[in-house]
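What follows is a set of notes on a single structure, which appears directly below.
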Amino acid sequence: MRWVTYDGGDGVRTGIVDEDSIRGLGPGVDLLSLVELGASGLAEAGASARRSPHEVRRLEDVRLLAPLPRPTSMRDGLCFLDHLRNARRALRMPGDIDPAWLDGPGFYFTNAGAVLGPYDDVAIAAGSRMFDLELEVGAVIGAGGRDLHPARAEKHIIGYTLFNDWTARDHQMRDFALGIGMGKSKDAATTLGPALITADELEPLRDGDGRLSIELAASVNGRELTRGNLALMDWTFGELLAYISRGVDLAPGDVIGSGTVPGGCLLEHVDGADPAEFTWLSPGDVVSLWGGVLGETRQTVVPGVDVTPLRLT
């Protein structure tokens with residue numbers, strides 16, 4: 001099923017997409033509460049929406065929000081190692097990636113309170129002059145658990161959505177200098193949507209190795225930036241979830257990003273230029289992510305706010 005969260009002018013609702021319409025559930029039902037019911041509970045809610053919806057609205061008549069406007073938590077992995085290699089090469093950093101990246105995936109926590117919908121305007125991060133997009137897929141946890149086995153961890157994923165990990169590269173350089181992980185570089189916005197596609201819908205897309213084969217692409221102002229496939233992850237979602245869940249609980253509604261598809265951000269295209277002089281995203285730019293059955297996002301970049309110095313002199 002294809003679940004959406006939407007606003008038709010009389011409050012936020014949750015429903016399933018049926019061709020060019022939405023079959024909505026009643027007020028007070030949100031997708032997170034349905035996800036907490038697990039795959040069978042979500043399927044029953046979908047069957048109810050299909051059989052006897054509270055309302056039927058045309059897609060073109062509503063505003064689609066992020067399917068989970070406020071996830072339980074959000075983590076972002078780095079499972080495409082060529083993304084990291086490309087970024088290092090673009091910035092003329094010597095040598096290959098650290099061997100630690102070959103021992104297991106990396107991840108960080110990002111801001112679950114800064115989620116945007118698939119067609120919302122996105123403001124440049126406050127004070128940033130090097131604002132970037134990132135093409136990713138988000139996995140949504142349905143059944144919680146800890147110490148998951150990599151061969152079985154994907155069974156805990158209830159569905160998938162497109163995931164744009166907007167990044168302020170200038171802020172990221174300061175984060176790296178501080179040495180305590182991602183901070184303001186990843187704080188401004190993450191886009192989810194346009195829908196949560198349930199995992200069972202995607203099972204026919206698995207390749208001979210059991211990986212989900214989903215073609216993905218990103219464009220800026222209609223110019224394709226990159227095209228890739230989810231099946232090319234160096235670390236699978238199962239491996240990523242197994243690592244993340246070591247000694248800690250994953251909860252229903254947690255969102256886990258795949259990491260950036262190689263070529264799926266502007267940073268990888270700096271090509272040795274001075275990053276400060278590179279053409280980053282600016283107001284008026286239109287950024288789109290595309291993922292076949294996952295749908296498409298389309299967002300306009302708008303100005304951010306100015307920052308007040310921490311100390312006035």
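A quick yes/no check of all residues on (1) at pLDDT 95 or above; (2) under 21 Å from GLY181 (Cα atoms); (3) within 23 Å of the chain's Cα centre (by Cα):
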residue: ILE22; (1), (2), (3): yes, no, yes
residue: LEU31; (1), (2), (3): yes, no, yes
residue: ALA47; (1), (2), (3): yes, no, no
residue: ARG58; (1), (2), (3): yes, no, no
residue: LEU64; (1), (2), (3): yes, no, yes
residue: THR72; (1), (2), (3): yes, yes, yes
residue: PHE80; (1), (2), (3): yes, yes, yes
residue: ARG92; (1), (2), (3): no, no, no
TODO: Among the numbered conditions (1) crowded, with 23+ Cβ neighbours inside 10 Å; (2) not in a loop (DSSP other than H, G, I, E, B), tell me where GLU154 comes up short.
DONE: (1)
TODO: Would you be able to say whether some residue in the range 43-57 is in contact (Cβ under 8 Å) with a residue 12 or more places away in the chain, of a type in the set (Val, Ile, Thr), within 30 Å of ASP7 (Cβ to Cβ) and surrounded by 18 or more Cβ atoms within 10 Å (Cβ to Cβ)?
DONE: no
- [ ] Kindly check whether there is at least one residue in the range 239-262 that is of a type outside the set (A, V, I, L, M), in contact with a His (Cβ under 7 Å, 6 or more places away or on another chain) and surrounded by 22 or more Cβ atoms within 10 Å (Cβ to Cβ).
- [x] yes
- [ ] Could you list, in sequence order, all residues of the range 114-129 that are surrounded by fewer than 22 Cβ atoms within 10 Å (Cβ to Cβ), within 21 Å of SER219 (Cβ to Cβ) and either without any contact (Cβ under 8 Å) to a residue 40 or more places away in the chain or of a type outside the set (Gly, Ala, Ser) (or both)?
- [x] TYR119, ASP120, ASP121
TODO: Would you confirm whether any residue within the range 210-230 is out of contact with any strand residue (DSSP E or B) (no Cβ under 9 Å at 6 or more places or on another chain) and either under 27 Å from LEU65 (Cβ atoms) or modelled with pLDDT under 95 (or both)?
DONE: yes
- [ ] Filter the range 221-255 for residues that are in contact with a Phe, Trp or Tyr (Cβ under 7 Å, 6 or more places away or on another chain) and β-branched (Val, Ile, Thr) and give the result.
- [x] ILE244
Task: Those residues of the range 233-256 which are on the phi > 0 side of the Ramachandran plot and within 17 Å of the chain's Cα centre (by Cα), in sequence order - done: GLY253
Task: The one condition in (1) crowded, with 16+ Cβ neighbours inside 10 Å; (2) closer than 24 Å to GLY127 by Cβ that GLY284 fails to fulfil - done: (1)
Open item on the list: Quick test of your reading of the structure: CYS265 fulfils all but one of (1) touching an Asp or Glu at 6+ places or on another chain (Cβ under 9 Å); (2) at positive phi. Name the failing condition by number.
Closed with: (2)
- [ ] Determine which member of the set ASP274, ASP254 is of a type outside the set (Val, Ile, Thr) and more than 29 Å from THR72 (Cβ to Cβ).
- [x] ASP274
Open item on the list: Against the conditions (1) at pLDDT 95 or above; (2) surrounded by fewer than 19 Cβ atoms within 10 Å (Cβ to Cβ); (3) closer than 27 Å to PHE237 by Cβ, where does ILE97 fall short? Just the number, please.
Closed with: (1)
Open item on the list: Six or more apart or on different chains, Cβ atoms under 7 Å: show the pairs whose first residue is in the range 244-255 and more than 20 Å from ALA66 (Cβ to Cβ) and at pLDDT 95 or above and whose second is crowded, with 16+ Cβ neighbours inside 10 Å and of a type outside the set (Ser, Thr, Tyr).
Closed with: ILE244/ARG75; ILE244/PHE107; ILE244/LEU250; ILE244/ILE256; SER245/GLY145; SER245/LEU148; ASP249/GLY144
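The values are calculated or read from the model by the stated rules, or taken from the named source; none is laboratory data. From a predicted model like this one, the values you see are computed outputs, not experimental measurements. Here the Cβ is made from the backbone with ideal geometry for all residues, glycine too, and neighbour counts use every protein chain on show.
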